[in-house]
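Q: My questions will all concern the structure given below.
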Amino acid sequence: FPVYFSSDEDIAGFQFGVADGATILEATGGDSEANGFLVSSSATTVIGFSLTGSVIPAGSGTLVSLEVEGYNPDDFCMTDLVRNIQL
(Lines give C-alpha, C1' and ligand atoms only; values in the text may rest on other atoms or scores of the structure.)
Protein backbone atom coordinates (compact mmCIF):
# COMPACT_ATOMS: atom_id res chain seq x y z
CA PHE A 1 0.00 0.00 0.00
CA PRO A 2 1.17 3.56 -0.61
CA VAL A 3 2.58 5.84 2.08
CA TYR A 4 1.66 9.40 1.13
CA PHE A 5 3.44 12.62 2.03
CA SER A 6 2.71 16.32 2.00
CA SER A 7 5.60 18.70 2.70
CA ASP A 8 6.18 22.42 2.30
CA GLU A 9 9.92 21.77 2.05
CA ASP A 10 12.19 19.41 0.11
CA ILE A 11 12.76 16.06 1.81
CA ALA A 12 16.40 14.95 1.98
CA GLY A 13 15.72 11.74 3.92
CA PHE A 14 13.20 9.92 6.06
CA GLN A 15 12.81 7.11 8.56
CA PHE A 16 9.70 5.61 10.12
CA GLY A 17 8.54 2.51 11.92
CA VAL A 18 5.30 0.59 11.94
CA ALA A 19 3.11 -0.23 14.92
CA ASP A 20 3.36 -3.55 16.71
CA GLY A 21 1.76 -6.43 14.88
CA ALA A 22 2.74 -5.31 11.38
CA THR A 23 5.76 -6.71 9.55
CA ILE A 24 7.31 -4.87 6.60
CA LEU A 25 8.16 -7.26 3.78
CA GLU A 26 9.26 -4.68 1.20
CA ALA A 27 9.48 -0.91 0.62
CA THR A 28 9.83 0.28 -2.97
CA GLY A 29 8.83 2.85 -5.55
CA GLY A 30 7.07 6.14 -5.11
CA ASP A 31 8.73 9.53 -5.28
CA SER A 32 11.65 8.08 -3.33
CA GLU A 33 12.63 5.82 -6.22
CA ALA A 34 11.82 8.49 -8.81
CA ASN A 35 14.32 10.84 -7.11
CA GLY A 36 17.12 8.31 -6.75
CA PHE A 37 16.75 7.54 -3.06
CA LEU A 38 18.12 4.36 -1.57
CA VAL A 39 15.28 2.78 0.38
CA SER A 40 15.93 0.02 2.88
CA SER A 41 13.65 -1.75 5.30
CA SER A 42 13.71 -4.20 8.16
CA ALA A 43 10.65 -5.94 9.57
CA THR A 44 9.74 -2.80 11.54
CA THR A 45 11.56 0.22 10.03
CA VAL A 46 11.94 1.99 6.67
CA ILE A 47 14.73 4.43 5.86
CA GLY A 48 15.32 6.42 2.68
CA PHE A 49 18.03 8.85 1.60
CA SER A 50 20.20 9.82 -1.35
CA LEU A 51 23.96 9.37 -1.61
CA THR A 52 24.07 12.03 -4.34
CA GLY A 53 22.27 14.83 -2.49
CA SER A 54 19.01 14.34 -4.38
CA VAL A 55 15.80 15.43 -2.64
CA ILE A 56 12.10 14.76 -2.96
CA PRO A 57 10.76 18.16 -3.99
CA ALA A 58 8.26 19.96 -1.77
CA GLY A 59 4.69 19.02 -2.56
CA SER A 60 2.70 15.87 -2.11
CA GLY A 61 2.69 12.37 -3.53
CA THR A 62 3.57 8.80 -2.73
CA LEU A 63 6.69 8.58 -0.58
CA VAL A 64 7.09 4.82 -0.91
CA SER A 65 4.92 1.72 -1.31
CA LEU A 66 4.96 -0.94 1.39
CA GLU A 67 4.21 -4.62 1.33
CA VAL A 68 3.19 -5.42 4.89
CA GLU A 69 1.71 -8.47 6.60
CA GLY A 70 0.00 -9.04 9.93
CA TYR A 71 -2.03 -5.85 10.10
CA ASN A 72 -5.51 -4.51 9.59
CA PRO A 73 -5.32 -1.61 7.08
CA ASP A 74 -7.81 0.35 9.21
CA ASP A 75 -5.47 0.07 12.21
CA PHE A 76 -2.13 0.64 10.44
CA CYS A 77 0.02 3.23 12.19
CA MET A 78 3.43 4.76 11.46
CA THR A 79 5.69 5.42 14.45
CA ASP A 80 8.87 7.38 15.16
CA LEU A 81 8.78 9.50 11.99
CA VAL A 82 12.03 11.32 11.22
CA ARG A 83 12.21 13.67 8.24
CA ASN A 84 15.34 15.49 7.16
CA ILE A 85 14.72 18.74 5.31
CA GLN A 86 17.33 20.21 3.01
CA LEU A 87 18.21 23.72 4.12
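The values are calculated or read from the model by the stated rules, or taken from the named source; none is laboratory data. Everything quoted here is computed from the prediction, not taken from an experiment. Cβ placement follows ideal geometry from the backbone for every residue including glycine, while neighbour counts extend to all protein chains displayed. Side chains included, ligands, DNA and RNA excluded: accessible areas come from the protein's heavy atoms. Shrake-Rupley method; radii C 1.70, N 1.55, O 1.52, S 1.80 Å.
Q: For the stretch 1-64, which whole-number percentage of the solvent-accessible area (1.4 Å probe, protein heavy atoms only) is attributable to carbon and sulfur atoms?
A: Roughly 49 percent, rounded to a whole number.
Q: Give me the percent of Cα-Cα pairs in the stretch 1-60 that sit more than 19 Å apart, rounded to a whole number.
A: 28
Q: Just to be sure I understand the model, the point goes 7 Å from the Cα along the line to the Cβ. What's the resulting residue 65 to residue 1 distance in nm?
A: 1.5
Q: State, to one decimal in nm, how far the label point of residue 35 lies from the label point of residue 52, with both points 7 Å from Cα in the Cβ direction.
A: Rounded to a tenth, the inter-label distance reads 1.4 nm.
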